[in-house]
1. Would you confirm whether or not region 75-83 contains a residue that is out of contact with any strand residue (DSSP E or B) (no Cβ under 9 Å at 6 or more places or on another chain), over 18 Å from residue 159 (Cβ atoms) and within 16 Å of the ligand (Cβ to nearest atom)?
2. Restricting the search to region 88-133, which residues are within 16 Å of the ligand (Cβ to nearest atom) and either under 26 Å from residue 69 (Cβ atoms) or surrounded by fewer than 17 Cβ atoms within 10 Å (Cβ to Cβ) (or both)?
3. Residues in region 112-153 that are touching a strand residue (DSSP E or B) at 6+ places or on another chain (Cβ under 7 Å), among the hydrophobic types (A, V, I, L, M, F, W, C) and at pLDDT 90 or above: how many?
4. Looking at region 49-87, which of its residues are of a type in the set (Lys, Arg) and buried (at least 18 other Cβ atoms within 10 Å of the Cβ)?
5. If the Cβ limit is 7 Å and pairs must be 6+ apart or interchain, which residue in region 86-104 that is basic (Lys, Arg) pairs with which residue that is away from the ligand (no atom under 16 Å from the Cβ)?
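The values are calculated or read from the model by the stated rules, or taken from the named source; none is laboratory data. The model shown is predicted, which means the values in this text are computed figures rather than measured ones. All Cβ positions, glycine included, derive from the backbone under ideal geometry; neighbour counts span all protein chains shown.
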Amino acid sequence: MARRSGMFLLLAAAATLAVVAGAAVAPSCERIECPAYDVVDGANGFEIRRYTDAMWVSTAPIEDISFVDATRSGFLQLFKYIQGQNAYNETIEMTAPVLTKVAPSDGPFCASSFVVSFYVPAKNQADPPAADGLTVQKWAGARYAAVRRFGGFVADADIGQQAALLDASLQGTKWAASVSDGGSAGPVSYTVAQYNSPFEFSGRVNEIWMLFDAKATSSDM
Ligand SMILES: *[C@@H]1O[C@H](CO)[C@@H](O)[C@H](O)[C@H]1NC(C)=O
C-alpha cells in the first residue's frame, strides 16, 4: 500500500515536471541546430520560453498578400546567404526554425509585411558575415516567446487563426498583459516558426510565437 502511494506521488511529480519541461523540442532540432531556450511556463495550449540574445540573419520587410509566397522569397535570399553569398564567401550550416515575422495589414486587400529570419549557428555566432540586403543582428536583450505548436504545411489561412488561438489561450493568465504590451500599436504582429523542409511530409512542426520583453513581467519572474 505504501509502495503504491509512493508510486502515485512519483507519477504526480513526473506529471508536474512534464508541464514545466514543456513540449518536447521539435524533432528537426535533433538533426540540425536550433536556438536554445528555457521553458518558463506552460499550460493549456501555450508555452512561455526565454530565448538568448543570439545573432539572427533577416531579410528586409517583404510586402505581400501571401504569407507562403513572402516566406518562400525570404527563404531563398537566406538560403543563398548560407550557400556562400555573403561577405566572407562562407558556407553556413542550415538551422531551424525558419522564422517569419508577420505584421498583418488593416484591410483585406492590403499587403502585409513579412520579415524572414534564420538563426546563426553557434560556430558563426561570434562573427557572422554581412550580406547585401540582409540584416545580421542580435535580438535586443533576453526575449520571451508565448508559443503555440501546430502541424502540417502552413497555409495563408492558418496563421491568423493559430495566432488567435494562442491569444485566446493566454487570456486570464499572468502572461496576457505582457504579451499584448509586446506588440506595437495597430494590428498585433506575431511570428511563424517552421521546423521542416518542404520535402518532409509527415511529422511537420510549426509554431506561432508572440514575442515580448521580460521587463514588463519582471515582477512575475
Ligand atoms: C568572394 O568571391 C568573389 C567572387 O568569386 C571574389 O571576388 C571575392 O574576392 C571573394 N571574397 C572573399 C572574402 O573571399
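1. If we filter region 75-83 for residues that are out of contact with any strand residue (DSSP E or B) (no Cβ under 9 Å at 6 or more places or on another chain), which is where we start, we get 76, 80, 83.
Still in the list and also over 18 Å from residue 159 (Cβ atoms): 76, 80, 83.
Now restrict to residues that are within 16 Å of the ligand (Cβ to nearest atom): 80, 83.
Within region 75-83, one or more residues are out of contact with any strand residue (DSSP E or B) (no Cβ under 9 Å at 6 or more places or on another chain), over 18 Å from residue 159 (Cβ atoms) and within 16 Å of the ligand (Cβ to nearest atom).
2. Filtering region 88-133 for residues within 16 Å of the ligand (Cβ to nearest atom) gives 88-92, 124, 127-132.
Answer for region 88-133, where residues must be within 16 Å of the ligand (Cβ to nearest atom) and either under 26 Å from residue 69 (Cβ atoms) or surrounded by fewer than 17 Cβ atoms within 10 Å (Cβ to Cβ) (or both): 88, 89, 90, 91, 92, 127, 130, 131, 132.
3. So the count comes out to 13.
4. To start, the set of residues in region 49-87 that are of a type in the set (Lys, Arg) comprises 49-50, 72, 80.
Once the filter is applied, which keeps residues that are of a type in the set (Lys, Arg) and buried (at least 18 other Cβ atoms within 10 Å of the Cβ), region 49-87 yields only 49.
5. 101/114; 101/115; 101/189; 101/191
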